Amino acid sequence: MEKYVCKVCGYVYDPAEGDTNAHIEPGLPFATLPEDWHCPQCNAPRSEFELENGPMPGMVAPIGQ
């Protein structure tokens, strides 16, 4: 599963771990987190998260990858 990083503080949401403080069970993908979920470290909204190690804007993956 894909990890997402908070652009404000660097917290990484790892679906394999979930967020026990917010009662989010392990195995829940980022896309299915509740709308009111926020970063447990800085309180930033979900909209402040981005895919960890995602492609840089404008970059295209080589053919076959």
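Key figures for this structure:
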quantity: The stretch 27-36 - phi-based ³J(HN,Hα) in whole Hz, Karplus 6.51/-1.76/1.60, Gly and Pro as x; calculated: x, 8, x, 3, 4, 9, 5, x, 4, 8
quantity: In nm, spacing of pseudo-spin labels at residue 44 and residue 22 (7 Å Cα→C-beta vector); calculated: 1.3
quantity: With all protein chains modelled, accessible area of residue 25 [1.4 Å, Å²]; calculated: 130
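The values are calculated or read from the model by the stated rules, or taken from the named source; none is laboratory data. Everything numeric in this text was worked out from a predicted model, so none of it was measured. Glycine gets a Cβ as well: all are built from the backbone with ideal geometry, and neighbour counts include every protein chain shown. These area figures cover heavy atoms from the full protein model, side chains too; ligands, DNA and RNA do not enter into them. Shrake-Rupley method; radii C 1.70, N 1.55, O 1.52, S 1.80 Å.
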